[in-house]
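Below: one structure, written as structure tokens.
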Amino acid sequence: MIRIVIADDHPLIRGGLRKIIEQEIDMDLTAEYENAQLLIHQLLPDQCDVLILDLSLPDRNGLDVLQHIHTMWPHIKVLILSMHPEERYALRALKKGASGYIHKNETSVILIKAIRKVFTGGRYVSEQLAEKLASEYAIETTVALHDKLTGREFQILVMIAQGLSVRQISRILSLSPNTIYTLRSRLLQKMDMTSNAELIRYALDHDLVD
């Protein structure tokens, strides 16, 4: 039996996943969590084989949650289920310990296939992304600047590149403006840049924003 836990802040998404999983005789949904705090403090690791994790949890960046889970309970296979484009977040998620990454627009058949694959020790990404990743690994000689960032810093980089102000980012992430300014300064330093204009140009050049 594959024991599954869901972490997603949208009740409709959790409900849809629950119905899909309940139809499979070899799968058991053992818990659901709507935010990172509940997941981290209430998760029973001996009752979870596969964690289906949304990257956009309201109280903590999903990539940071992923890294925490992978460090604390490496036996748990984490399958990222996200609205974010694969090419933007999948590689970062895989590097931080995810076993798979699928988009929320995928079918239930793909979801079940992904769960079974990661449960047996494999990794799941779409065929298109697998080809892209293989190509990038073949030619990669240096670490990209944005790969040096934490999950939260990367999230702020993307939001700045999308044209959001510090106040808007502060409201969306439920963090103080001072915290956003601090994180922005930190990511500028890590990327050896001095302005939002440089961040925006970098994000556009590396397809980090639509």
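The values are calculated or read from the model by the stated rules, or taken from the named source; none is laboratory data. No experiment lies behind these values; they were computed from the predicted model shown. Ideal geometry is used to build each Cβ from the backbone, glycine not excepted, and the neighbour counts take in all protein chains shown.
Within the stretch 1-57, the set of residues being in a strand (DSSP E or B), over 17 Å from residue 119 (Cα atoms) and charged (D, E, K, R) comprises just one member, 32. Only residues that are among the basic types (Lys, Arg) and either over 23 Å from residue 90 (Cβ atoms) or in the same structural domain as residue 170 (by TED's automatic domain parsing) (or both) were counted across the stretch 18-62, and they come to 2.
To keep it simple, each residue is scored yes or no on (1) in contact with a Leu (Cβ under 8 Å, 6 or more places away or on another chain); (2) among the acidic types (Asp, Glu); (3) modelled with pLDDT under 90; (4) in the same structural domain as residue 14 (by TED's automatic domain parsing).
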{"residue": "92", "(1), (2), (3), (4)": "yes, no, yes, yes"}
{"residue": "107", "(1), (2), (3), (4)": "no, no, no, yes"}
{"residue": "115", "(1), (2), (3), (4)": "yes, no, no, yes"}
{"residue": "189", "(1), (2), (3), (4)": "no, no, yes, no"}
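Within the stretch 63-100, being aliphatic (A, V, I, L, M), in a helix (DSSP H, G or I) and closer than 21 Å to residue 208 by Cβ holds for 63, 65, 66, 90, 91, 93, 94.
Scanning the stretch 187-209 for residues that are in a helix (DSSP H, G or I) and either among the aromatic types (Phe, Trp, Tyr) or farther than 25 Å from residue 85 by Cα (or both) yields a total of 2.
Taking residue 30 as the residue in question, decide whether it is out of contact with any strand residue (DSSP E or B) (no Cβ under 7 Å at 6 or more places or on another chain) and hydroxyl-bearing (Ser, Thr, Tyr). Answer is no for this residue.
Of the residues making up the stretch 27-38, just one is under 20 Å from residue 99 (Cα atoms) and modelled with pLDDT under 95, namely 36.
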